[in-house]
1. Under 6 Å between Cβ atoms, which residue pairs at least 6 apart in sequence (or on different chains) link something in region 20-36 that is touching a residue at least 40 places away in the same chain (Cβ under 8 Å) with a partner that is in a strand (DSSP E or B)?
2. Only residues that are open to solvent by 30 Å² or more (accessible area, probe 1.4 Å), modelled with pLDDT under 95 and not polar (S, T, N, Q): list them for region 201-227, please.
3. Identify, please: which residue in region 24-48 is outside any loop (DSSP other than H, G, I, E, B) and over 21 Å from residue 119 (Cβ atoms) and is, among those, most open to solvent (accessible area, probe 1.4 Å)?
4. Go through region 1-23 residue by residue and tally those that are assigned to a loop (DSSP other than H, G, I, E, B), aliphatic (A, V, I, L, M) and open to solvent by less than 70 Å² (accessible area, probe 1.4 Å).
5. Exactly one condition in (1) in a helix (DSSP H, G or I); (2) open to solvent by less than 20 Å² (accessible area, probe 1.4 Å) is false for residue 83; which is it?
6. In region 49-74, what residues are open to solvent by 10 Å² or more (accessible area, probe 1.4 Å), in contact (Cβ under 8 Å) with a residue 40 or more places away in the chain, more than 24 Å from residue 11 (Cα to Cα) and in contact with a strand residue (DSSP E or B) (Cβ under 8 Å, 6 or more places away or on another chain)?
7. Can you tell me which residue among 97, 93 is farther than 17 Å from residue 225 by Cα, under 16 Å from the mean Cα position of the chain (by Cα) and not in a strand (DSSP E or B)?
8. May I ask you to list pairs of residues, at least six apart or on different chains, whose Cβ atoms are under 9 Å apart, with the first in region 134-157 being aromatic (Phe, Trp, Tyr) and the second being open to solvent by 90 Å² or more (accessible area, probe 1.4 Å) and not in a strand (DSSP E or B)?
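The values are calculated or read from the model by the stated rules, or taken from the named source; none is laboratory data. Source: prediction; values computed, not measured. Because the Cβ atoms are built from the backbone with ideal geometry, glycine has one as well, and the counts that use them run over all protein chains shown. Ligands, DNA and RNA are excluded from the accessible area calculation, which covers all protein heavy atoms including side chains. Shrake-Rupley method; radii C 1.70, N 1.55, O 1.52, S 1.80 Å.
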Amino acid sequence: MYYYIFDIKRCKNKTLVTDIKSYLSSLGISGEFTYPSAAYTTEELVDLGISKKYNTIVGIGSDDLANSIASRLCGRQEAMGMIPLEASAELTALIGAKTWREGAENLRYRKITTMKIGKTANGSGFLTDLELALKGPTEITIEFRDYMVQAKVTKLVISNFNPEITKIGPDFLDVVFESVAPEQNMLSRIGNFLGMGKDDHKSSFSLFRGRSLRLFTSSQIPLASKGHAIAKTPQLVESSDEDLRLIIGKKSVILE
């Protein structure tokens with residue numbers, strides 16, 4: 001039984017809502033359709049679908065919708081599906097569907113994988129990346145479990161899933177940042193941890209991994225997932241203890 005949460009703001013074509021509903025019906029996977037509004041948030045609609053005993057909650061929209069649904073379903077038996085509309089390259093690579101038709105086909109074949117999601121201390125979750133919304137070079141401090149990193153950065157991304165980064169474990173987050181002027185001494189001290197050689201220290205990009213981290217900045221800065229702010233610094237960011245059951249397609253990079 002499918003419960004669809006449709007973000008109609010992502011529909012540029014007036015007939016798209018009808019087209020998607022008709023295609024799902026032709027595949028034999030039609031269900032109840034709902035829409036986030038002033039009356040019901042996405043999270044409240046997910047809770048409503050669960051209370052109605054639907055076993056599959058499907059988002060039709062972009063990354064912000066996917067993150068909200070994933071946050072609610074992580075640790076539950078209900079499966080999450082996604083039909084992408086204006087979704088990021090990272091999200092479409094994760095689910096193995098670049099178009100809404102491919103997303104619908106994924107639901108039809110119903111291949112389910114389990115994965116961790118990234119979570120912040122305020123309860124917001126993210127499937128792919130979380131980026132520090134910087135306006136210029138900024139001093140940051142990151143506290144991992146066994147060590148601390150300080151740097152002045154122009155870009156910082158905390159990744160739960162990115163097709164360009166090979167994860168070392170399902171419950172590890174990857175932290176990538178670009179330094180204004182890399183501290184060679186600091187990088188040398190942690191070089192063994194990353195398996196870096198001397199030549200690697202010339203790069204202004206640094207990669208760190210951990211199951212959880214605390215991020216500090218001198219003033220509050222938003223943390224955004226694909227342009228949608230979900231938290232602010234200082235912030236605890238960690239991999240979820242529980243799994244999300246996600247429907248993916250044969251083109252998903254998870255299967256590679």
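1. Sorted first by the residue in region 20-36, then by its partner, the pairs are 29/2.
2. 202, 205, 226, 227
3. Among those that are outside any loop (DSSP other than H, G, I, E, B) and over 21 Å from residue 119 (Cβ atoms), it is 26.
4. Number of matching residues: 0.
5. (1)
6. 52, 54, 55, 74
7. 97
8. As it stands, the answer is 144/211; 147/189; 147/193, since those pairs meet every condition given.
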